[in-house]
Amino acid sequence: MNTESTTINFKGQDENQMNITLFKEKIETKTLHIGIIGLGYVGLPLGIEFSKNGFNVTGFEKNAQKASLINQQKSYIPDISDQEVADCVDQKLFRATTDFSNIRTMDVLIICVPTPLSKTKDPDLSYVVNSIQTIKQYAKKGQLIVLESTTYPGTTEEIIVPELSEFTIGTDIFLAFSPERVDPGNETYKIKNTPKVIGGVTEACTQVSELLYSQAIDQVIPVSSTKAAEMVKLLENTFRSINIGLANELALMCDKLDVDVWEVIEAAATKPFGFMPFYPGPGLGGHCIPIDPFYLSWKLKTLNYDARFINLASDINSSMPHHVVNKVIHGLNQHEKSVNGSKILIIGIAYKPNIDDMRESPALDIIQELLSLGANIDYHDKFNDSLELAKQSFKSVSLDQSSLSRYDCCVIVTNHDYLDKDLIINHSKLIIDTRNMTKGISKDHIIKI
Ligand SMILES: NC(=O)c1ccc[n+]([C@@H]2O[C@H](COP(=O)([O-])OP(=O)(O)OC[C@H]3O[C@@H](n4cnc5c(N)ncnc54)[C@H](O)[C@@H]3O)[C@@H](O)[C@H]2O)c1
């Protein structure tokens, strides 16, 4: 479990047992105080879930506006309602603060801060490093620290452990990694019923973390190390990235063969074993799938290994917005129009249906490329009222018969459930459908990817 640069000191079985017993007692008496570092898409639902189970939770949030909204009983994450926040805040089980000195009163600290990529697509761990350096100032014996931010295998031991060198990990402080699996907008699987993987630096760390998470989550899956737990998350997201890459390449191949890729996938999916359908689309989006595989390939590069599947899938997936723009160009050409000067409506700008998250959304790349070709762009998305892009400000336009008929082309980028498919089909001059929203409908003015 050790890395070359790090020494983990295992000592004091008695002290260890004492701290575990104390931890158990605090759980049983619900006096355990949980601190969440970063109240975003991951941290807020997690904190609320612990509060719902009777635990005292404090969210430590750098963004003062977010902290203030929570204390005013307002949610800024679609999966969490104002009522859920109000219930927990009212019962004094949940609060947010920008005062990090309160860390010293916590029994548990769960780090849920962003792990983006730098401009050169290298891991940017600055938020994680900043969090652990803050925690370190106030850390005390008996605390459990868990990193939930997605990162490359080895991070916990290489980045976090050295920062805690004044403690004996596994005896006077516990440390684990537990990947977050939250799927924004998923109505079936929430925090509680999504199994949680946990890997501690020592067995005691795993034991204490398992105890904690089993208070709020139905099933907890311990693995043998933090590195294994870190790798689990990257396998899950790399699996998706590669399979979506395959579906996207299938779309490109079917385009050349003049075969409907959607029909092919639907038919293949009738095989009751050995096949799992993935679908093409306008490109990857969100904070996970387009980013996380690069954490793995970056780490492997430092070990002189080239992660070929990851790179290939990334090439194909990132070419999809351009493929969509090509479809627009061809569609307009059939109508004897050019992109330059055409009025184009982008329908849906979030990266997936029924949520507002625009991070890494392919809609942004598509809009930028169309703008650079001289198109006049509007968009519609009820989850996002406004958009700042390419030094321009856009406002979501309404979607009705007369507005649709004003556009030379409509590009369906995000198939939100609320969208009126018939309205769009019946009143648009040209539709580029990147999501098979027009499934089963064959009309001259509809072009699918
Ligand atoms: N969003 C998802 O669907 C999802 C799913 C699984 C895993 N993850 C991973 O979870 C992590 C968090 O993602 P997210 O989507 O919640 O990000 P987010 O941007 O929604 O939230 C992160 C929050 O942390 C705050 N923050 C940043 N630095 C801080 C600091 N030093 N101290 C306190 N607060 C700080 C930010 O202000 C923000 O509110 C990332 O590693 C991400 O890859 C995200």
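The values are calculated or read from the model by the stated rules, or taken from the named source; none is laboratory data. The shown structure was predicted, so the numbers you read here are calculated from the model rather than taken from an experiment. Cβ atoms come from the backbone with ideal geometry, glycine included; neighbour counts cover every protein chain shown.
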Test: residue in segment 298-309 that is assigned by TED's automatic domain parsing to the domain that holds D356, within 16 Å of the ligand (Cβ to nearest atom) and over 22 Å from P353 (Cβ atoms): yes
Test: residue in segment 110-120 that is farther than 22 Å from Q65 by Cα, out of contact with any Lys or Arg (no Cβ under 8 Å at 6 or more places or on another chain) and away from the ligand (no atom under 15 Å from the Cβ): yes
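Are there helices (runs of 4 or more DSSP H) fully within segment 14-93 with at least 1 residues that are within 16 Å of the ligand (Cβ to nearest atom) and closer than 19 Å to L175 by Cα? List them.
By residue number, 43-52.
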Test for L404: is it under 20 Å from K337 (Cβ atoms), in the same structural domain as N340 (by TED's automatic domain parsing) and not in a loop (DSSP other than H, G, I, E, B): yes
Index of the failed condition, L211 passing every other in (1) under 19 Å from E49 (Cβ atoms); (2) assigned to a helix (DSSP H, G or I); (3) within 16 Å of the ligand (Cβ to nearest atom): (3)
Residues located in segment 301-341, provided they are of a type in the set (D, E, K, R) and either more than 19 Å from P362 (Cα to Cα) or at pLDDT below 95 (or both): K301, D306, R308, E336, K337
N243 vs. criteria crowded, with 20+ Cβ neighbours inside 10 Å and either farther than 20 Å from V146 by Cα or modelled with pLDDT under 95 (or both): no
Residue among V161, V129, V146, V197 that is in a helix (DSSP H, G or I), of a type outside the set (K, R) and within 16 Å of the ligand (Cβ to nearest atom): V129
Output for segment 198-256, where each listed residue is among the aliphatic types (A, V, I, L, M), in the same structural domain as H330 (by TED's automatic domain parsing) and free of Cβ contacts under 8 Å to residues at least 24 places away in the same chain: M253
Which listed residue, of T155, T105, is more than 10 Å from the ligand (Cβ to nearest atom) and out of contact with any helix residue (DSSP H, G or I) (no Cβ under 8 Å at 6 or more places or on another chain): T105
Residue that is modelled with the lowest pLDDT, among those in segment 108-140 that are among the charged types (D, E, K, R) and out of contact with any helix residue (DSSP H, G or I) (no Cβ under 7 Å at 6 or more places or on another chain): K119
Which numbered condition L296 fails, given (1) of a type outside the set (S, T, N, Q); (2) touching a residue at least 60 places away in the same chain (Cβ under 8 Å); (3) out of contact with any helix residue (DSSP H, G or I) (no Cβ under 6 Å at 6 or more places or on another chain): (3)
Unmet requirement for K391, which otherwise passes all of (1) more than 23 Å from I446 (Cα to Cα); (2) within 16 Å of the ligand (Cβ to nearest atom): (2)
